[in-house]
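Read through the structure below, which is laid out as structure tokens, and then see the notes.
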Amino acid sequence: MFELIFFGTSSSAPSAHRGLSSHMILHRQYRFLLDCGEGTQRQILRSGLGFKRLNKVLLTHGHLDHILGLGGLVSTLSRWESLEQLDIYGGRSTLSRVNNLLFKVVFPGARPPLDINLVKLEPGVILEDDKFTLSAFPVSHRGSGNFGFVFQEKEHRPFLAEKADALGVPFGPERGRLVQGETVVLADGRSIHPEEVLGDGIPGTKYVHIGDIGRIDDNIRAVCQDADALVIESTYIEDEKEMARQFGHMTAAGAARLARDANIKSLILTHLSRRYYERDIRHEARAIFPDTAVARDFDHFQITRDGAVRLKKKD
């Protein structure tokens, strides 16, 4: 399961009700900040999540509406929080811009109080543990070094307690070792193999996040195939698809066609232009892909194998 909180859902410039692109992804002990538009640190505080364990930032690209909030956020983290290291992932051109922002503006001529690690993205797995993988993949937008991200839980095989009982496997570390894929030897000398007590593999939850993107091709469809949830921009509507193409952006209809063709369970649209009403985006997308939500600032989604569910906000 993944949790997703939107801090900013506007494109290019903030509106009275929408901040600039920023999102938090929660998974077990991990907290990932994905993009960091202007005003992000205040949105984090307003959300109630705070800065605890916020040590990984993923950047889709280097345009200012996706990175300008890093200056204030990193300044706050370095002076008021107990973080020792901050890892910022981005393409080469994105990190060049971030480097200038942080080391020529925020910390000019001084060593930051925390260790800032700029990690250049390449396509493929960028983080992995025994439960999930985080991968990056290239997308087409204006300029170079644009990336999307796949959060993928690993397949797991359920432990079949009734089979273990029938084989006389005692409660305790033996069962844990079998779950880990190890063969165990019982007190009577019998060897019990994992396949004897584990069920068929169950795929883990798959969540795909795409920031700004101007073109959908077979590679993008393959990455998104069978995802449980997709977050993607919808800056324009189809009536202005030529303008969308010119500026390297996606229409609501284009995002919906991707969700339909890639067999995605739930589609969440963000990065809305102030030129449209939210209902314009929602109506266009749902005509093609009914399970579409249009995100608002502070929306909180839970993503499982059943798709994405928007959680009710606390009063």
The condition of being crowded, with 24+ Cβ neighbours inside 10 Å and assigned to a strand (DSSP E or B) holds, among I232, I213, only for I232
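So which residues in region 173-183 are surrounded by 11 or more Cβ atoms within 10 Å (Cβ to Cβ), under 19 Å from D130 (Cβ atoms) and not hydroxyl-bearing (S, T, Y), if there are any at all?
To start, the set of residues in region 173-183 that are surrounded by 11 or more Cβ atoms within 10 Å (Cβ to Cβ) comprises 174-179, 181-183.
Applying the additional criterion that residues be under 19 Å from D130 (Cβ atoms) yields 175-179, 181-183.
Of everything in region 173-183, those that are surrounded by 11 or more Cβ atoms within 10 Å (Cβ to Cβ), under 19 Å from D130 (Cβ atoms) and not hydroxyl-bearing (S, T, Y) turn out to be R175, G176, R177, L178, V179, G181, E182.
Do we find that I88 is within 20 Å of P123 (Cβ to Cβ), among the aliphatic types (A, V, I, L, M) and touching a residue at least 40 places away in the same chain (Cβ under 8 Å) in this structure?
So I88 does not fit the description; no.
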Among L77, L70, L54, the single one that is surrounded by 17 or more Cβ atoms within 10 Å (Cβ to Cβ), in contact with a strand residue (DSSP E or B) (Cβ under 6 Å, 6 or more places away or on another chain) and at pLDDT below 95 is L54
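Can you find even one residue in region 96-113 that is out of contact with any helix residue (DSSP H, G or I) (no Cβ under 7 Å at 6 or more places or on another chain), surrounded by 12 or more Cβ atoms within 10 Å (Cβ to Cβ), closer than 29 Å to I232 by Cβ and basic (K, R)? Spell out how you get there, then give the answer.
So in region 96-113, the residues out of contact with any helix residue (DSSP H, G or I) (no Cβ under 7 Å at 6 or more places or on another chain) come out as 96, 99-100, 103-104, 107-111.
Retained after the next criterion (residues that are surrounded by 12 or more Cβ atoms within 10 Å (Cβ to Cβ)): 96, 99, 103, 107.
Checking the rest, the ones that are also closer than 29 Å to I232 by Cβ come to 96, 99.
Then drop every residue that is not basic (K, R), which leaves none.
Checked against the condition, which is being out of contact with any helix residue (DSSP H, G or I) (no Cβ under 7 Å at 6 or more places or on another chain), surrounded by 12 or more Cβ atoms within 10 Å (Cβ to Cβ), closer than 29 Å to I232 by Cβ and basic (K, R), region 96-113 yields no hits at all.
The values are calculated or read from the model by the stated rules, or taken from the named source; none is laboratory data. Just so we're clear, the structure is a prediction, and the values are computed from it rather than from any experiment. Cβ atoms come from the backbone with ideal geometry, glycine included; neighbour counts cover every protein chain shown.
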